[in-house]
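Here's the structure we're looking at; comments come further down.
The values are calculated or read from the model by the stated rules, or taken from the named source; none is laboratory data. Model, not experiment: these values are computed from the prediction. Positions of Cβ are generated from backbone atoms using ideal geometry, with glycine treated the same way; all protein chains shown enter the neighbour counts.
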Amino acid sequence: MVGALLLLLTGAPALTIFGCLVSRGPRAAAMLNLAAGIVAFAAAAPLTVMSGGGPFRYWDGYVVFDTAGAWVVLCAAIVYLLSSIYAVGYMRLLDEDARLPAFYALFAGFALAILVSSLMNNAALYWIAIELTTLVSAFLVAFERAAESIEAAWKYIVIVSTGISLALLGTVLFYWNGSFVLGPTYNMTWDALRQAAPAMNPGLVVLAFLLVLVGYGTKVGLAPMHTWLPDAHSESPAPISAMLSGALLNAAMLGIVRYLVVADAAPSGVMPRGALVVLGALSLLMAALFIVRQQNIKRLMAYSSVEHMGVIALGFGFGGPFGVAGALYHMLNHSLNKPLMFFGAGNMMRSYGSKEISRIRSVGRCFPVQAGLWLAGAAAITGAPPFGLFLSELVVVRAGFERSFGWAALLMAGLLIVIFIGFLNHFRAMYFEPTADAAADPPARTSGGWCVAPMWLALAPLLVFGMWWPQSFWEFFRQTARLLSNAAP
Amino acid sequence: MLLTQLDPLAASLFSATAIASLLLAFVMLGSRWLDNYLYAFAAQSWAMAALGVAVGYFADSAELYLIAALSALFRGLVLPYLIRRMIQRLHVARELHETLRPASALVIGALGVIFSLAVSTKIAVPLGLGGTVVVLALTVMFATALIGFLMLAIRQEAVSQIIGLLVLENGVRLGAQILIPGMPLLIELVILADVLAAVACLSVLVRYLLSEFGNASTAGLKRLVG
């Protein structure tokens, strides 16, 4: 049953790639991609429930499906569904109909690579899946072919590939370290590494983990390796921005978490965890500084992704049942919230014909419904109650105090307040400040139902999860925390 | 094949090829001509293939011969061919703006080697592998990776950056060949395919850069800040 659903999950986007290339019609490709999004989500939801009975292994142990992977798959499937709905309406506005089938083929390929990477049981194959996500999405970032988007794609691919090469170096060192215990040839699964870890050389583990952390951390967008992220997120079409932020970053985070488990099992002290916490805190700091002075609406959202990846890194870095639960819950909430923000930003950008915050004014008066949704999303993303992110951030802070990372928890709380003020100040300006140029044309009404419906779909669960943390989630998080601690699997 | 009890001949063969490829990385660092980078990179890939054959012979493994052959074919011929075509399209034969003179870059590269040696010794001695070929393998691996990084940082032509990435990757491969010859064949093949795909993607992006900016210097990519 699980195997069949996994096939469905990955088969739907895989078939879509071919379908889009064959169909040649922009509408057909969009609908095909939407269908794949629906199927993937319909498969991911029951899979997440069933993952508790696992871990399940397939194909000689090359594929694993455990609760940690299932959660990332669920988040990715949600974002894929929302983005594929939004893309139907949004991509029509770009006047690039001839290239749309190729776009949707790449879109489905990107989703497929993300989903597959979360299922990889072999550290080297995981590395390759992550590298593939970069190669595919670079063309999605460059889709608009403007000078800025090509610049963003180039920086993205060069910076991330460099980072990923460091992760490969770390992977090689881990394999070498494991070979002292397991012999020269072995299947480098996460479990094998964990079992070999207690006998590994601690110094080498720390070095290898730091390389992996910096490598995959580049992909996650942890400061100071985040420099590609604002460029790529702001220059790609809005549905792709949502995919990059809500789905891809989590998939790379999963790799760091899996290596952290190995490093924990080795006698390597607090260094690996401490390094993750420091990078998380640094990301929050960097995001706070750039959010306060930001002038570009999509870059504002991008720096908010750096912030939230910092929070998730802190959650996993703190560890323990609370840290893991907070980080996982935050992952889900962020994956719901960030598409909402990027969709709103995309709609406004099209309507006002600019990404400059100073050119977007009187949003509330011109677009009452969308403005309401977007403002609610902005309140949610800054961690205001009654939305989900408030709860998850609270749990992460609590985990910090419990696990003797009090300084990081305090810093995090302080920076979240700074970000709250800075972020919402931009929204205040966009909603309530008068237009500088009174003679300017009123914004065009470009976005139809396809562009607004996914915003509703994202906001509703966000509100529900803010007021009600289901008991079954607790069970799931506790099980995942056990999986990620070094209790016997 | 145990790295602690190597045949002296094997040890010297491994060392010779590894050091040759490190020197070739310095050739790239010390030049400003794109052609030199290209040939040095191709030669480095051949040195790696030679190392692969040597390891395969002493470990008595047919798989390693296969990997060495594929490595020579793809890294030594196909990739240089792809990059050569890119260079011909560019109408630029050399780095035009230097962030750092080649002479200074060589000095920094040398410092990088010393640093790598220090780190490698620190790693190898607790493992009881001090004074063996492991130290050399680690040193060459880290140093080549650092030189690749340096090239990425100080060179501005798009082609130089691609070669910088490939040197970085070559460095990792080179160390891996000595340290973990037992790495499964499947993984090797997929990584090789991945490198090819990466270079293909980069070459398409170079074409976009050319059509949009009129040149492929990354010095002009300054619009996105803040």
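Some points to look at:
- Criterion: touching a residue at least 24 places away in the same chain (Cβ under 8 Å), touching a strand residue (DSSP E or B) at 6+ places or on another chain (Cβ under 8 Å), of a type outside the set (Lys, Arg) and surrounded by fewer than 22 Cβ atoms within 10 Å (Cβ to Cβ) - qualifying residue of A:PRO26, A:PRO46, A:PRO55: A:PRO55
- Residue check for A:ALA113: more than 10 Å from chain B (Cβ to nearest Cβ), crowded, with 22+ Cβ neighbours inside 10 Å and in contact (Cβ under 8 Å) with a residue 40 or more places away in the chain: no
- Looking across segment A:254-310 at every residue that is within 14 Å of chain B (Cβ to nearest Cβ) and small (Gly, Ala, Ser), the one that is nearest to A:PHE343 (Cα to Cα) is identified as A:ALA302.
- Exclusive hit being surrounded by 24 or more Cβ atoms within 10 Å (Cβ to Cβ) and among the basic types (Lys, Arg), set A:ARG293, A:ARG361, A:ARG365, A:ARG299: A:ARG299
- When restricted to residues that are of a type outside the set (Val, Ile, Thr) and farther than 30 Å from A:SER179 by Cα, segment A:201-240 contains 18.
- Filter pass, A:PHE427 being outside any loop (DSSP other than H, G, I, E, B), closer than 30 Å to A:PHE318 by Cα and among the aromatic types (Phe, Trp, Tyr): no
- Hits in segment B:1-46 (condition: within 16 Å of B:GLY171 (Cα to Cα), among the hydroxyl-bearing types (Ser, Thr, Tyr) and within 14 Å of the chain's Cα centre (by Cα)): B:THR17, B:SER21, B:TYR37, B:SER45
- Among the residues listed as B:GLY220, B:GLY148, B:GLY182, B:GLY226, the single one being within 10 Å of chain A (Cβ to nearest Cβ) and crowded, with 23+ Cβ neighbours inside 10 Å: B:GLY148
- Segment A:29-59: number of residues that are in contact with a Gly (Cβ under 8 Å, 6 or more places away or on another chain) and under 21 Å from A:TRP190 (Cα atoms): 3
- Of note, A:LEU229 satisfies the criterion of being crowded, with 23+ Cβ neighbours inside 10 Å and within 12 Å of chain B (Cβ to nearest Cβ).
- Leading residue by the ranking (farthest from the chain's Cα centre (by Cα)) among those in segment A:367-413 that are among the β-branched types (Val, Ile, Thr) and in a helix (DSSP H, G or I): A:VAL369
- A:GLY364 assigned to a helix (DSSP H, G or I) and at pLDDT below 90: yes
- Cβ-Cβ distances below 6 Å connect no pair with a first residue in segment A:319-341 that is without any contact (Cβ under 8 Å) to a residue 24 or more places away in the chain, a second residue that is not hydrophobic (A, V, I, L, M, F, W, C), and a separation of six or more residues or different chains.
- If you go through segment A:89-105 and keep only what is of a type outside the set (Ser, Thr, Tyr) and crowded, with 22+ Cβ neighbours inside 10 Å, you end up with A:GLY89, A:MET91, A:LEU100, A:PRO101, A:PHE103, A:ALA105.
- Test: residue in segment B:161-172 that is in contact with a strand residue (DSSP E or B) (Cβ under 8 Å, 6 or more places away or on another chain), buried (at least 23 other Cβ atoms within 10 Å of the Cβ) and over 22 Å from A:TYR186 (Cα atoms): no
- Criterion (over 21 Å from A:ASN201 (Cα atoms), surrounded by fewer than 21 Cβ atoms within 10 Å (Cβ to Cβ) and modelled with pLDDT of 90 or more) met by exactly one of B:ARG84, B:ARG89: B:ARG84
- For A:VAL64, the requirement of being without any contact (Cβ under 8 Å) to a residue 40 or more places away in the chain and either more than 17 Å from A:PHE473 (Cβ to Cβ) or polar (S, T, N, Q) (or both) is not met.
- Residues within segment A:171-186 that are more than 7 Å from chain B (Cβ to nearest Cβ) and not β-branched (Val, Ile, Thr), tallied: 8
- Candidate set: segment B:116-135, residues that are over 22 Å from the mean Cα position of the chain (by Cα) and of a type in the set (Gly, Ala, Ser); chosen: the one modelled with the highest pLDDT: B:ALA124
- The lone exception for A:LYS355 - which of (1) of a type outside the set (A, V, I, L, M); (2) under 14 Å from A:MET430 (Cα atoms); (3) buried (at least 24 other Cβ atoms within 10 Å of the Cβ); (4) within 14 Å of chain B (Cβ to nearest Cβ) it fails: (3)
- Filter pass, A:VAL292 being within 15 Å of the chain's Cα centre (by Cα) and over 30 Å from A:PRO198 (Cα atoms): no
- Some residue of segment B:190-208 being more than 10 Å from every other protein chain (Cβ to nearest Cβ) and at positive phi: no
- Only one of the listed residues (B:LEU186, B:LEU192, B:LEU196, B:LEU146) is over 26 Å from A:ALA142 (Cα atoms) and modelled with pLDDT under 90. That residue is B:LEU186.
- Checklist (1) buried (at least 16 other Cβ atoms within 10 Å of the Cβ); (2) within 14 Å of chain A (Cβ to nearest Cβ) applied to B:VAL113, failing item: (2)
Table: residues versus (1) among the aliphatic types (A, V, I, L, M); (2) away from chain B (no Cβ under 14 Å).
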| site | (1), (2) |
| --- | --- |
| A:GLY89 | no, yes |
| A:LEU93 | yes, yes |
| A:ALA108 | yes, yes |
| A:ALA142 | yes, no |
